[in-house]
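Report on one structure; see the data block that follows.
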Amino acid sequence: MPTRQNCPMLSVGVNLLWCRPGKVGGSEEYLARQLVGLATVASDIRGRLVVPPDFAEAHPELVERFELVVGPPATRSRRGARLLAEARSLPSMLGDVDVVHHAGGTLPGRIGPRGGRQAAVLTIHDVQYLQFPEYFSKTRRTYLRLRVPASARHADVVAVPSEFVKGTVVDGYGVDGADVVVVPHGVDPPSGRDVADADDLRARYGLGDRRVLVYPAITHPHKGHRFLIELLAGPWSDPALVLALIGGKGAAEDAVQQAIRDGDVTDRVVRPGRVSEADRDGLIALAEALVFPSEYEGFGAPVLEAMGLGTPVICSDQAALPEVAGDAALVLPLHLDAWADALDTVDAGREGWIERGRRRAARYTTATSGAALADAYRRAAGGRT
């Protein structure tokens with residue numbers, strides 16, 4: 001049997017034209033991290049990334065490891081123009097590779113039957129639109145219903161972040177489970193990177209000496225920001241408790257702002273918005289707990305990020321979160337009564353939560369993620385030989 005060193009080089013082209021640095025959230029971070037892991041563990045795979053303008057500036061860690069090809073300016077446009085530019089540009093940019101990885105949830109252009117010269121790997125981050133269609137515009141729902149199932153059925157391998165998403169893809173689209181590979185998020189510990197000083201963060205963000213809870217999430221409807229605000233206004237009414245909401249503005253932003261006003265907790269909610277990685281890690285590290293009341297997650301990387309930083313986690317029991325958190329987080333149903341005493345529960349067993357959390361986070365490294373991605377590429381290529 002040939003050794004890995006004797007295996008022929010596999011060339012892979014990764015379509016990242018769907019990325020809009022700083023705007024698509026966790027899915028962009030997920031792909032960037034797993035590609036870093038891929039470069040670390042798979043010396044037999046040569047990667048070429050097709051990226052939108054400004055991507056290189058946002059991800060210097062990938063510039064160091066891969067060949068980058070910048071797509072046309074139209075790929076920064078609205079979805080329709082981007083998809084057209086993508087379909088026209090990719091053949092010339094990736095026509096000579098063995099495997100093409102479409103990392104944005106759909107295959108571009110007209111989808112034909114399997115059997116083309118190149119193998120196709122498709123990443124599906126989640127299928128939230130099936131469970132919560134009300135959180136998507138009619139146009140977006142129509143596009144997803146037309147494109148995602150057909151893309152999943154025609155890809156050689158589908159990569160998903162969790163067993164939960166794998167199940168929904170198999171059940172929802174009739175895909176053979178053997179063609180679906182779990183490529184988990186990779187979250188390395190903060191050693192080797194900057195973490196902002198706690199005292200500095202408390203001064204800059206007006207936290208003072210108050211107890212801090214942190215929630216890093218764009219204000220999308222499914223993220224559950226209003227649930228936390230109801231807790232602040234009710235069972236978590238301690239005036240010395242402050243909630244730091246990290247992240248950009250999403251479709252539920254106006255509703256979140258109204259809930260803060262209605263709950264009369266304006267002075268207990270701090271909104272730093274988008275922050276640097278150092279500030280994000282620092283805020284999580286100084287927090288009493290990371291709270292994560294999301295209705296739907298295909299994975300939930302912030303849960304592991306907090307665990308790696310030694311911060312206990314309280315999260316919902318929805319979608320992939322129980323799978324990712326395991327016994328290392330306080331996992332609760334989304335009812336106010338269930339969360340009422342959660343802070344006391346975490347405080348009573350703090351050292352145990354921290355120890356279990358660090359062990360859990362150590363299972364999900366960028367190297368582990370990269371190895372799973374390499375497996376997906378090799379499976380796709382092997383299916384064409």
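General remarks:
- Dipole of the range 198-361, positive end: most advanced residue of TYR296, ILE229, GLY247 [Cβ charges, Cα centre]: GLY247
- Note: relative contact order over the chain, using C-alpha pairs below 8 Å and six or more positions apart, is 18 percent.
- Among the listed values [x] 21.3, 68; [y] 30.3, 98; [z] 22.1, 80, the one computed from these coordinates for Rg and Dmax of the Cα atoms in Å is [x].
- Among residues other than GLU61 with Cβ under 13 Å from its Cβ, the summed charge is -3 (Lys and Arg +1, Asp and Glu -1).
- Measuring r between the beta carbons of ALA150 and ARG46 and using R0 = 35 Å, the FRET efficiency lands at 0.75.
- Using a simple spin-label model with pseudo-atoms 7 Å out from Cα toward Cβ, ALA255 and ARG211 lie 2.8 nm apart.
- Protection proxy ranking of 160-171, 26-37 - average other beta-carbon atoms within 10 Å, highest first: 26-37, 160-171
- The order of the peptides 253-261, 274-282 by mean Cβ neighbours within 10 Å, most packed first, is 274-282, 253-261.
- Computed over the Cα atoms of the range 198-361, pair by distinct pair, the Kirkwood hydrodynamic radius stands at 15.6 angstrom.
- This model, with +1 at the C-beta of Lys and Arg and -1 at the C-beta of Asp and Glu, gives the chain a dipole about its Cα centre of some 1860 debye.
- Against the chain, whose longest principal axis is taken from its Cα atoms, helix 350-361 shows a tilt of about 10°.
- Anisotropy class of the range 103-213 from Cα gyration tensor, a/c 1.5 cut: prolate
- Ranking of SER369, SER294 by neighbouring Cβ atoms within 10 Å, starting from the fewest: SER294, SER369.
- Between the range 301-346 and the range 10-59, the Cα center-to-center distance that results, in Å: 29 Å
- Near TYR296, once Lys and Arg are set to +1 and Asp and Glu to -1 for all other residues with Cβ below 11 Å from its Cβ, the sum equals -2.
- Taking the Cα centre of the range 198-361 as reference, the dipole from Cβ charges on Lys and Arg (+1) and Asp and Glu (-1) amounts to some 380 debye.
- Full extension of the segment from ASP344 to ALA233, taken as 0.36 nm per residue of separation minus the current Cα-Cα distance, would add 38.3 nm.
- Of the residues VAL182, GLN318, GLY349, the one whose Cα sits farthest towards the positive end of the charge dipole of the chain is VAL182 (charges of +1 on Lys and Arg Cβ, -1 on Asp and Glu Cβ, taken about the Cα centre).
Coordinate-derived values only; no laboratory data. Predicted model only: the values in this text are computed from it and were never measured. Virtual Cβ from ideal backbone geometry, glycine too; neighbours counted across all protein chains shown.
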